[in-house]
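What follows draws every value from the coordinates through simple rules; no lab data is involved. Just so it is clear, the structure is predicted and the values come from calculations on it, not from any experiment. So basically every Cβ, Gly included, is an ideal-geometry build from the backbone, and we count neighbours across all protein chains shown.
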Amino acid sequence: MKTPAHPPRLNELLADIDARRLVEVLTPSANVMSQPYLPWDKLRFKTPPDDLTHEEWWLRIRWARRNAQRSIDTLIDKSGAPFSYTLPDTLLALNDEITRGASGHITISEQVTSPAMRDRYVVSSLIEESITSSQLEGASTSRQVAKDMLRTGRKPQDRSEKMIVNNYLAMRRIVELREEELTPELVCELHRIVTEGTLDSDEEAGVVQGDDDDRVAVWGDGEQLLHRPPPVAELPQRLERLCAFANGGASGDYMPPVLRALTVHFMMGFDHYFADGNGRTARALFYWSMLREGFWLAEFLVVSKLLKQAPSQYVRSFLLTEDDDGDLTHFFLYHLGIIKRAIDELHAHLARKADELREVQQRIRATPGEFNHRQLALLENAVKDPDAVYTAVSHSSSHNVTQQSARNDLADLERRDLVVRVRLGRQHAWRPAPDVAERLSIG
């Protein structure tokens, strides 16, 4: 892949400029933090302001960013320097929008707020995230085949399918652990779930690397080395520090929760604790952090699908931070944009589903004489709640009719293939047909 150009080093730029010119360079004509947060790789193609050279312009910008940066003292790079970040206007705006959209009191379709439908959407989102997160790391199973496998419980047939099943189990586990504090043991448990049966050696599942001779690195095309992680001797302490940070401590100043979750994601990728599966584990822990911080809508977001659309940009977000003296702002801006798109797509999807529901309800009401009022009420409920269960007793109680009339209503709907008869203990019950909304639309 094409890697970003390395930026000029600040100390070298300072050494090559005289004092008078330095004053001119470091006196910006506009607020640097309100301007686009460009990396050197993009800035070098722009026209500099105030008759500056590109190097002088970078010095001005990098100096202003350094003065505004916040350090995370316990999370360090390979040289021992702390990672840091700044809060430019673009980042603050994205953070506020995501905070409102993923945790606040927002107007959202009953497709999610209805308890009956909520679980269906959670499962669907977890399935989609599990598939695309695995595909990001090489799983080749098609989306439809993978969905059918997860929904039917079919056993995986190859490594790709096993990766997807593992990811799904890990995401379900993340939801269960949303109130728990992160520990190295828990990270290893999640990695074990993610990688079981997919590694060259089963003994590596859930085990932090301990031999520098077998130390993994991140490679691009062919022999292109993209990232060499820290040595194995540092990993236990680095993981302890990351867990303390993830739990809300060891970061010094206040840090917006979304940025904390993204930092956990970044550090898992930077440190690369395991032989394989680091990316899948990192993305799972991002979801854990978001849920733990109260971003309840994160359960419905499918982030990896958007990352998969441009995997090189995903890798680039790591490289830009590492190349720019550990400035996490580059990583934050890219991923905040991804999260915002995921939220926007969710709302658009829910709006479409709400429109479809209203259309079906209107069609039901527009068929006078075809259904009685009790059946109309049941069908409207069936469209909204595909997991509903109806019995002669419940239907008769709801509409104050005899149980025989209720049975007649249900039997008539069964003949039309709109409900399906099942056994519920010793009595018969009826559930909505799987395609009840489509049947009503066609009808």
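Things to note:
- Here residue 162 is the anchor, and the lysines within straight C-alpha reach of less than 22 Å, apart from those fewer than 8 places off in the same chain, are 147, 305, 308.
- Computed [θ] at 222 nm, helices only, for the chain once each DSSP H run of length n ≥ 4 contributes -39500 (n - 2.57): -18000 deg cm²/dmol
- 63, 430, 58 arranged by Cβ crowding within 10 Å, fewest neighbours leading: 63, 58, 430
- Based on C-alpha pairs under 8 angstrom that are at least 6 apart in sequence, the chain has a relative contact order of 17 percent.
- Among the listed values [x] 1.22; [y] 1.11; [z] 0.98, the one matching Cα Rg over 2.2 N^0.38 Å as calculated from this structure is [x].
- Farthest positive-ward along the chain dipole, Cα basis, beta-carbon charges - from 14, 87, 410: 410
- Computed on segment 155-242, with alpha-carbon pairs under 8 angstrom and 6+ residues apart, the relative contact order is 22 percent.
- Cα gyration tensor, segment 10-68 - rounded (a/c under 1.5), prolate or oblate: rounded
- Distance between the pseudo-spin-label points of residue 221 and residue 428 (7 Å out from Cα toward the beta carbon): 6.6 nm.
- Span-like helix ranges in the chain, DSSP H, alpha carbon extent 24 angstrom or more, Kyte mean at least -0.5: 115-136, 159-176, 329-365
- Efficiency of FRET from Cβ geometry, residue 24 and residue 78, R₀ 41 Å, rounded to 0.05: 0.70
- When 435, 18 are sorted by how many other C-beta atoms sit within 10 angstrom of their C-beta, beginning with the fewest, the order is 18, 435.
- Only Lys, Arg, Asp and Glu carry charge here, each on its Cβ (+1 for the first two, -1 for the last two); on that basis the chain has a dipole of about 1940 debye about its Cα centre.
- Ordering 149, 268, 1 from the fewest to the most neighbouring beta carbons within 10 Å gives 1, 149, 268.
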